[in-house]
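Structure, as structure tokens:
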Amino acid sequence: MNDFDFFIGSWTVVNRRLSTLFAGSDDWQTFPGTSVCRPFFDGGGNTDEIIFPTLGTRGFTLRLYDVDHAQWSLYWANDRSGVLFPPVVGSFADGRGDFYGDDTHEGKPIRAHFIWSHITPASARWEQEFSADGGLTWESNWIMEFTRA
């Protein structure tokens, strides 16, 4: 239930985001961010807000631990849409968190995969992959490298 305790606190973030999805692109946009994560439910949940100052946008994540299923649900929203996106669901094993869910991209169904890895007291890595073929192949499209502020 306390899998995300490592993430509580303030972070600086280096983002790399693929400019064009599902096009075989290797054009990545790099931009900074700052994030603050706060716990609730004695570790059974947390929120973080991330600010992307050069983009003029913000994002918000809600994480909830399902005690009965021993899984986390991660929900994302941003200030551009104000919509809570469908969750990705999963768990941690051997220092890595894998979370999967269904979503859409440009009106077409996709699978989403979030990966938490390289977790230390001072750093962590988050990566997002999408699949347009039901999970047969995956395209990495956003990587965040977190360093404790």
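The values are calculated or read from the model by the stated rules, or taken from the named source; none is laboratory data. Computed from a predicted model, the values in this text were never measured in an experiment. Virtual Cβ from ideal backbone geometry, glycine too; neighbours counted across all protein chains shown. These area figures cover heavy atoms from the full protein model, side chains too; ligands, DNA and RNA do not enter into them. Shrake-Rupley method; radii C 1.70, N 1.55, O 1.52, S 1.80 Å.
Among the residues of region 30-57, those identified as in contact with a strand residue (DSSP E or B) (Cβ under 7 Å, 6 or more places away or on another chain) and open to solvent by 70 Å² or more (accessible area, probe 1.4 Å) are THR30, ARG38, PRO39, GLU49, PRO53, THR54. The set of residues from region 41-98 being under 22 Å from ARG148 (Cα atoms), hydroxyl-bearing (Ser, Thr, Tyr) and part of a loop (DSSP other than H, G, I, E, B) comprises just one member, THR54. A count restricted to region 73-104 and to residues that are in contact with an Asp or Glu (Cβ under 7 Å, 6 or more places away or on another chain), modelled with pLDDT of 95 or more and closer than 12 Å to THR61 by Cα stands at 1. Contact map, region 1-16: residues that are open to solvent by 50 Å² or more (accessible area, probe 1.4 Å) paired with residues that are charged (D, E, K, R), Cβ distance under 6 Å, separation 6+ or inter-chain. Pairs shown: VAL14/GLU145. Annotation note: of ASP5, ASP68, ASP79, the sole residue that is acidic (Asp, Glu), in contact with a helix residue (DSSP H, G or I) (Cβ under 7 Å, 6 or more places away or on another chain) and farther than 25 Å from TRP138 by Cα is ASP5.
Would you pick out the residues in region 98-140 that are among the acidic types (Asp, Glu), surrounded by 14 or more Cβ atoms within 10 Å (Cβ to Cβ) and either touching a residue at least 60 places away in the same chain (Cβ under 8 Å) or more than 22 Å from ASP27 (Cα to Cα) (or both)? Let's see the steps before the verdict.
First, the residues of region 98-140 that are among the acidic types (Asp, Glu): 98, 102-103, 106, 127, 129, 133, 139.
Remaining after also requiring surrounded by 14 or more Cβ atoms within 10 Å (Cβ to Cβ): 98, 103, 127, 129, 139.
Within region 98-140, ASP98, ASP103, GLU139 meet the criteria.
Return a yes/no flag: does region 2-19 have any residue that is closer than 16 Å to PHE114 by Cα, of a type in the set (A, V, I, L, M) and modelled with pLDDT of 95 or more. Before you say what the answer is, go through the steps one by one.
Taking region 2-19 and keeping what is closer than 16 Å to PHE114 by Cα, we get 3-4, 7, 15-18.
Filter once more, keeping what is of a type in the set (A, V, I, L, M): 18.
In the following step, the residues that additionally are modelled with pLDDT of 95 or more were identified as 18.
Checked region 2-19: at least one residue is closer than 16 Å to PHE114 by Cα, of a type in the set (A, V, I, L, M) and modelled with pLDDT of 95 or more.
All of PHE22, PHE60 fail the test of being touching a strand residue (DSSP E or B) at 6+ places or on another chain (Cβ under 8 Å), among the hydrophobic types (A, V, I, L, M, F, W, C) and within 15 Å of TRP126 (Cβ to Cβ), apart from PHE60.
Go through region 24-40 and count every residue that is part of a strand (DSSP E or B) and touching a Leu at 6+ places or on another chain (Cβ under 7 Å).
Step one: filter region 24-40 for residues part of a strand (DSSP E or B), giving 28-40.
Then keep just the ones that are touching a Leu at 6+ places or on another chain (Cβ under 7 Å); that gives 28, 31.
Looking only at that region, the number is 2.
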